[in-house]
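Worksheet for the structure shown next.
Values quoted throughout were computed directly from the atomic coordinates according to the rules given, and no laboratory measurement underlies them. Just so it is clear, the structure is predicted and the values come from calculations on it, not from any experiment. With ideal geometry, Cβ positions are generated from the backbone for all residues, glycine too; neighbour counts draw on all protein chains shown.
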Amino acid sequence: MQDNIGVSAEEFAKRREILLEKMPVGSIALLPAGDLKYRNNDAEYPFRQESHFYYLTGFCEPNALLVLIKETTSFLYVLFCEESEPEKECWIGKRVGIEGAKAILGANSAYSINTLDTIMPDLLAGKQQIFYSLGHAPAWDQRLLGWVNAVRAKVKTGQQAPSVWRELLPLIQEARLIKSPSEIRLMQQAATISAEAHIQLMKACKPKMMEYELEAILLQQCYQKGCRAMAYSSIVGGGNNACTLHYVNNNMPLQSGDLVLVDAAGEYQYYAADITRTFPVNGRFSADQKLIYQLVLKAQVSAIEAVCPGMPWDKLQEIIVRIIVEGLVELGILEGNVDLLIEQRIYRQFYMHGSGHWLGLDVHDAGEYKIQGKSRVLEPGMVLTVEPGIYIDAHAKVDKRWQGIGIRIEDNILVTETGYQVLTSAVPKTIEDIEKLMANKG
Ligand code: GLY
Ligand code: MN
Ligand code: MN
């Protein structure tokens, strides 16, 4: 059943209206819901609605299709979904059903998902343009082609099938990039819950714990405070494991003297947080770890401070790369001319990813990063991560003292009218604050 406390029915309606305004009269848009996936036999993976579908409907069930029709003077919002069937609901719980699709979700018309093949050709007939993104859900692609062909087959009766195919998803993706006040509230809640989880695991961390024990604290904290899922697979990497960017095994013991990198956050009412902190397993940074940590922190804070409306997004990476390269040269980890090291991307052996990404319903959220080949500029309402790192693998050809140090620091940043707001500022990130927190485990 539904659980959309944060976003009102009016806001979901407004989202559909904004999309329909971009469509010409006589066009139709189709968007399938996410698929229920099976782990084995009849045991399902937890279902999580496809984000574009959720964005436009607030509907959390699988096995559904959204159809939007732009007519001369009005819009039509049609939902196909599962019917309420008491016998089935005894197993799977309450469904919104056909009546609920109209009464709760605001659909103008709603039909059983079992009637698609009879109703869809009628809805498609006479429309000139069809907005649908082929290739994302092959089974739906096939069905849609079948309905279009069913209309084509009736050409002698005067029926016309849509002849212009347009991409639907980019229209929704651009809308998703700018967050509304209620989305920002939910993202702040996801960030606040996740930040508290990081604080609790930092306090609990001690040598010889397993990486998965820290992961368990994260999950417990996030779920206890209302997250129904993590926003992505948690990364808890001690020592050299931090140098594997998407390390998710989380099954090694944590050693005194090592750092541990934790990249994990919850999803709250469909909205993600994405936080990384790196801290010493025994609560005290070594002198060498401090040097690398300060460098990553300086790069991160400098990039965050540059966030404001009008700033090209790729400028953040430029700031980060220059600070990291200058710092690595100063420490003797890289040798040569800073400009050349940047130009030839020699730094990529230690910093091999970008400055971050958009954040929202998805951890790597919707929206283009470049417009006509040029970086897009930041606008109020965008939310992005800033997450530089330095990863010196245990086998890197550098002085032994640096080997096995992997550090990333990641925060979630809202672009405001005048600058920025850090949604994840509650988690300590200076060396002093981290050591203080870990000393006062309380
Ligand atoms: N947690 C995935 C990322 O930081 O992009
Ligand atoms: Mn991230
Ligand atoms: Mn992350």
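Measure out, as a whole number of angstrom, how far apart the alpha-carbon centroids of region 351-375 and region 127-178 sit.
Measuring centre to centre over Cα atoms gives 28 Å.
Assuming R0 = 30 Å, what is the FRET efficiency of A439 and Q403, from their Cβ-Cβ distance, to the nearest 0.05?
So the FRET efficiency works out to roughly 0.65.
Can you tell me the dipole magnitude for region 237-306 around its Cα centre, using point charges on the Cβ only (Lys, Arg +1; Asp, Glu -1), in Debye to the nearest 20?
That gives region 237-306 a dipole magnitude of about 240 debye.
Give the separation of the Cα centroids, region 243-271 to region 1-67, in Å.
Cα centroid to Cα centroid, the span is 31 Å.
Would you please give the FRET efficiency between E87 and R152, computed as 1/(1 + (r/R0)^6) with r the Cβ-Cβ distance and R0 = 35 Å, to the nearest 0.05?
0.35
Only four residue types carry charge here, +1 at the Cβ of Lys and Arg and -1 at the Cβ of Asp and Glu. Report the dipole size of region 331-442 about the Cα centre in Debye, rounded to the nearest 20.
340 debye
Can you give the net charge of the other residues whose Cβ lies under 11 Å from the Cβ of K179, counting K and R as +1 and D and E as -1?
-1
With each label point set 7 Å from Cα along the Cα-Cβ vector, what nm distance links S109 and Q372?
4.1 nm
So for region 300-442, taking the charge dipole from beta-carbon charges (+1 Lys/Arg, -1 Asp/Glu), which of I407, P380, Q421 sits furthest toward the positive end?
I407
Please give the helix 9-21 orientation as an angle from the longest Cα principal axis of the chain, in degrees from 0 to 90, rounded to the nearest 10.
80 degrees
Highest mean first, how do 342-352, 21-31 rank when packing is the count of other Cβ atoms within 10 Å averaged over residues?
Ranking, from highest mean packing down: 21-31, 342-352.
Given H placed 1.01 Å from N in the peptide plane, which residues other than close sequence neighbours of G406 have an amide H under 5 Å from its amide H?
I392
Pull out a ≥ b ≥ c, the square roots of the eigenvalues of the alpha-carbon gyration tensor of region 89-238, then state rounded if a/c is under 1.5, prolate if not and a/b is larger than b/c, and oblate in the remaining case.
prolate
How are the alpha carbon pair distances in the chain distributed across 20 Å bins from zero to the largest one, expressed in percent?
23, 48, 25, 4, 0
For the residue pair R185 and V164, what label-to-label distance in nm results when each label sits 7 Å from Cα along the Cα-to-beta-carbon direction?
Those two pseudo-labels are separated by 3.9 nm.
At 10 °C and 1.306 mPa s, grab the translational diffusion coefficient of region 230-303 from Stokes-Einstein with a Kirkwood Rh over Cα pairs, rounded to a whole number in µm² per second.
119 µm²/s
Could you give the alpha-carbon Rg of region 66-130 over 2.2 N^0.38 Å, rounded to two decimals?
Relative to the rule-of-thumb radius for its length, region 66-130 sits at 1.27.
Only residues of region 60-78 count here: report those whose backbone N is under 17 Å from the spot 7 Å along Cα→Cβ of A139, or say none.
61-66
Among P32, A43, I69, pick out the residue whose Cα is farthest towards the positive end of the charge dipole of region 1-146, where Lys and Arg carry +1 and Asp and Glu carry -1 on C-beta, about the Cα centre.
Ranked along the dipole, the leading option is I69.
Could you calculate the FRET efficiency of V329 with Y45 from 1/(1 + (r/R0)^6), where r is the beta carbon distance between them and R0 is 35 Å, rounded to 0.05?
About 0.15, to the nearest 0.05.
Can you give the Kirkwood hydrodynamic radius of region 150-211 from its Cα pairs, in Å with one decimal?
Evaluated on region 150-211, it is 17.3 Å.
For the chain, just give the cysteines left without a disulfide-compatible partner, judged by no other Cys Cβ under 4.7 Å.
C60, C81, C90, C205, C243, C308
Per q in 0.13, 0.15, 0.25, 0.31 1/Å, what log10 I(q)/I(0) does a Debye calculation on the alpha-carbon atoms of region 8-56 return?
For region 8-56, the Cα-only Debye profile gives -0.46, -0.56, -0.97, -1.15.
If you line up the long axis of helix 138-152 against the longest principal axis of the chain, both from Cα atoms, how many degrees apart are they, to the nearest 10?
On a 0 to 90 degree scale, this one is about 20.
Between rounded, prolate and oblate, where does region 346-439 land on the alpha carbon gyration tensor, with a ≥ b ≥ c its root eigenvalues, rounded for a/c under 1.5, else prolate if a/b exceeds b/c?
Note, shape of region 346-439 comes out oblate.
Within 10 Å, count the other beta carbons around each residue, average over each peptide in 355-368, 388-401, and list them highest first.
Ranking, from highest mean packing down: 355-368, 388-401.
Any idea what the dipole of the chain comes to, in debye rounded to 20, about its Cα centre with Lys/Arg Cβ at +1 and Asp/Glu Cβ at -1?
Once rounded to the nearest 20, the dipole reads 240 debye.
If you build the convex hull over the alpha carbons only and average its shadow over all orientations, what do you get for region 50-164? Give it in nm² to one decimal.
Taking the Cα atoms of region 50-164, their convex hull projects to 8.2 nm² on average.
What angle, in degrees between 0 and 90 and rounded to the nearest 10, separates the Cα long axis of helix 181-204 from the longest principal axis of the Cα atoms of the chain?
The angle comes out at about 40 degrees.
How big is the gap, in Å, between the Cα center of region 88-117 and the Cα center of region 207-222?
Cα centres, region 88-117 to region 207-222: 40 Å.
At a 10 angstrom cut-off on C-beta neighbours, averaged per residue, how do the peptides 104-117, 309-322 rank from highest to lowest?
309-322, 104-117
What ratio of Cα Rg to 2.2 N^0.38 Å holds for region 378-417?
Dividing the Cα radius of gyration by 2.2 N^0.38 Å gives 1.80.
In deg cm²/dmol and to the nearest 500, what is the mean residue ellipticity at 222 nm of the chain if only DSSP H runs of at least 4 residues count, each as -39500 (n - 2.57), divided by the residue total?
-11000 deg cm²/dmol
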